[in-house]
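The values are calculated or read from the model by the stated rules, or taken from the named source; none is laboratory data. Here the structure is a predicted model, which means the values were calculated and not measured. All Cβ positions, glycine included, derive from the backbone under ideal geometry; neighbour counts span all protein chains shown.
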Amino acid sequence: MALRPFCSTLLHRRSALSAATALGSVAACLVVSQPKVAFAQFRPQTMHINTGRSSSPDDPATFQADKVDYNDVEHTVTWTGNVQVWQGDHVMRADKIVYDRDTGVIAARGNVATVQPDGSVVYAHYAELTGGMKDGIMLHVNSTMPDNAKLAANGMRRTGGKINELSRVVYTACEICEKDKTRPPFWQFRAFNATQDVEHQKIDFRDAYLDILGIPVIYFPYFSMTDPSAKRRSGFLMPGITPHDRYLGTYITIPYYWVINEQSDLSVQGLFATRTAPQITGLYRNRLNFGQLNIRGGVAYDTLRGQNYTNNFGQPVDSGSTSHGLQGHIFASGDFSINRYWRGGANIQLASSANYMRDYRVPGYGSDVLASNAYLEGFGTGAYSRLDAQYYQGLNQGVIHNTDLPFVLPRYTYSFTGQPDILGGRLSVDTTDFNLRRDNGVSDQRGELQLNWNRPFHTKMGQQFLLTLRLDSMIYRANKLYQQPTYYNAMHTVVSGQVLPTIALKTNWPFVRSFMHGRGTQLIEPIVQGIYAPNTGAGVNDLIPNEDSLAYEFTDSTLFSLNRYQGTDRLDGGLRGNVGIHANWTWDGHVVDLLAGESFQEHITRDRVPNSGLDHHASDIVARARFIPTQYFDFTARMRLDPHTTKINFGDALFSAGVPHFHIRGGYVYEPVTPYYYFATNYRAYSPTQLYTQQTSELSGGASVDWRNWYASAFSRRSLSRKTFVSVGGDVGYSNDCFGIDIMYLKQYTYVGGQQRNSTYLVTVSLKTLGAFGLK
């Protein structure tokens, strides 16, 4: 059964109906100027229509027609020619309507259309309604719904304005072919009968077939769906099935959605597997006037036991006796506005064990840690303040243990930037103070005050100067400094501190000219910076803890930074000068941008970080290049070159190229060592393991293509230094206005918990207004 009745006059009917309704306000004038048009109001009790509000049978029902006839013998009123009747939120139009004043029955013929309070429109060849249009029958029915959904039936019985029983039903959300309306849509439901529950916003089909391109594919003895007019409705969602999983075996998921009220809902899902006990999970969401709250959690009795293994450091790892049995997790987040200046919130991520997350595919497994925090923050004019606490749970016990991770309570951050002063400068004040505790490792407290004053100015020759005066001061109290991450020879509690004044002057001298008759610009910009501060070393001699400066990276992005560490526990001191040259050409959307520079320093700190690029008076040369010759290609690359050995100590590159319907991208990164890992072992006592010192050399790439409704993509990452892939994957699919199918493949070669990650296949079929069906 095809949907031929949907296309022919839908647009015309909608336009005519909207225009006719608007005429109601000027109908009295039409009676005078156009005698052929009759307009009247009457109050028959049987014409009362329920509009969803408190009303009485005396609510007027208004009509408009080309001609009206009153039959006092048969007690009927007949309207003919562009008839429209409306009362409250209900509207009906037809070529002819006969109203029986004794029975209250309205009989409508020819191009019958009724507009429901929810905005949906029902078309019919013939309708016979009573009880304020809430009861009756319709023949050859078409209904238009939100999201382009359409429903057709041979007949419909309406009861109480809440239940519509339909026979020989067809439903689809696809477009109907304009050239050939007999052609079936891409997909449609054909059912022997159906029941539309208007009050509860659902449609139940019985003896239904799903047709694809007019061919029956699946038979459903019973199928229930949410009415497309419903924004949110409680009920079961589409179940999922996975034929095979390494830990769960074959498993199915059955989700249920509960609409609690207008601003909150709850989703509950049961997971039933062949290799372990069931799991139940839930998601509660609440959108408040002053914030939002999301709580996701689950509980299960995990019968799978983890296996002991040896990690990459050669250390045995015990899976533990707590990784099976009663297990669970909770992930919660909330943000709440206290007033216009203050807000608070929390992000909680806790799980009973990493093996539980692995076994039940809880999102977040594969990360090293789960991070939780609670905070209170305020905003002012040029000021920001935050008080928080942080907690970390280790997941990958082969790399990091819970006892190695810090617990921070409290941490306080404040930042203020003032207005320009009488000297033209601007003062800023910053501090980050904390109390940090580890079971295994350094526990310390820090108080900090940083003052920074910037004064920009320029000369008549176009030179731009920036004078900076800065003062860093910190005080520490720490114990167990002999443990990670510092490994000092200090067995007692130490109180230490540092004060570092810095003065810096930076000058940019841009030379700019235009070319190509003003369509392009050229920029040549020498940059010189001088910085002086006392030479304080790297903090080792003063037994200063290190919590925020474990990683050190000297690249083009930190060439002109006053402190090239990520934090302030370590500070760059001494006399040094930075020089660089920046060039840019831009024309007709094309860009060439280049930067190269080097740092010269008086003092060398050998224990700073190995392979930092600052091991000599003349640093490594850093450079960056960006090249966009056309709209179809762009390329960006960075590097750090040792001028003493001509070796490249760091490099990365990204490119993207494509034409309409086809695109490729790629990247490369190289670094001889990852500096952070030097702090995971006592490298002063013995050399780090090869796992830390092995160079990083990784290549990645991907391609995507699309044509009309088809698309496909593929990607891969390969470690050249370890001679193995990191991950590979691909995606292919088809989508149109009402249907979509997507097939995805992902293979990860990383090891977590002593075992390699899975290969994942995911097939997803989406039917507009019905939902998505997944097979993993």
From the list Met156, Met133, Met138, exactly one residue is among the aliphatic types (A, V, I, L, M), in a loop (DSSP other than H, G, I, E, B) and buried (at least 16 other Cβ atoms within 10 Å of the Cβ). Which is it?
Met133
Matching residues in region 538-554 - criterion: being over 33 Å from the mean Cα position of the chain (by Cα) and either surrounded by fewer than 16 Cβ atoms within 10 Å (Cβ to Cβ) or within 22 Å of Pro406 (Cα to Cα) (or both)
Gly539, Val540, Asn541, Asp542, Leu543, Ile544, Pro545, Asn546
Quick check, is Arg361 in a loop (DSSP other than H, G, I, E, B), under 27 Å from the mean Cα position of the chain (by Cα) and under 30 Å from Gly418 (Cα atoms)?
no
List pairs: first in region 400-426 and among the polar types (S, T, N, Q) and surrounded by fewer than 14 Cβ atoms within 10 Å (Cβ to Cβ), second at pLDDT below 95 and in a loop (DSSP other than H, G, I, E, B), Cβ under 6 Å, 6+ apart or cross-chain?
Thr403/Asp439; Thr403/Asn440
In the set Val732, Val728, which member is assigned to a strand (DSSP E or B) and surrounded by fewer than 16 Cβ atoms within 10 Å (Cβ to Cβ)?
Val732
When region 207-220 is examined, which residues are found to be out of contact with any Lys or Arg (no Cβ under 7 Å at 6 or more places or on another chain) and part of a strand (DSSP E or B)?
Asp207, Leu210, Ile212, Ile215, Pro216, Val217, Ile218, Tyr219, Phe220
Going through region 735-769 in order, the residues found to be farther than 15 Å from Asn709 by Cα, assigned to a loop (DSSP other than H, G, I, E, B) and at pLDDT 85 or above are Tyr749, Lys768, Thr769
Of the conditions (1) closer than 20 Å to Arg624 by Cα; (2) crowded, with 16+ Cβ neighbours inside 10 Å, the single one that Ser557 does not satisfy is (2)
Take the conditions of a type in the set (Asp, Glu) and farther than 16 Å from Pro228 by Cα and apply them to Asp100. Does it pass?
yes
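Yes/no matrix, rows are residues, columns are (1) touching a strand residue (DSSP E or B) at 6+ places or on another chain (Cβ under 8 Å); (2) outside any loop (DSSP other than H, G, I, E, B); (3) over 29 Å from Gln397 (Cα atoms):
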{"position": "Ala300", "(1), (2), (3)": "yes, yes, no"}
{"position": "Arg305", "(1), (2), (3)": "no, no, no"}
{"position": "Leu326", "(1), (2), (3)": "yes, yes, no"}
{"position": "Ala346", "(1), (2), (3)": "yes, yes, no"}
{"position": "Tyr356", "(1), (2), (3)": "yes, yes, no"}
{"position": "Leu376", "(1), (2), (3)": "yes, yes, yes"}
Residues within region 166-192 that are out of contact with any Phe, Trp or Tyr (no Cβ under 8 Å at 6 or more places or on another chain) and either on the phi > 0 side of the Ramachandran plot or buried (at least 16 other Cβ atoms within 10 Å of the Cβ) (or both), tallied
4
Counting residues that are β-branched (Val, Ile, Thr), which strands (runs of 3 or more DSSP E) fully inside region 438-529 reach at least 2?
464-479, 494-508
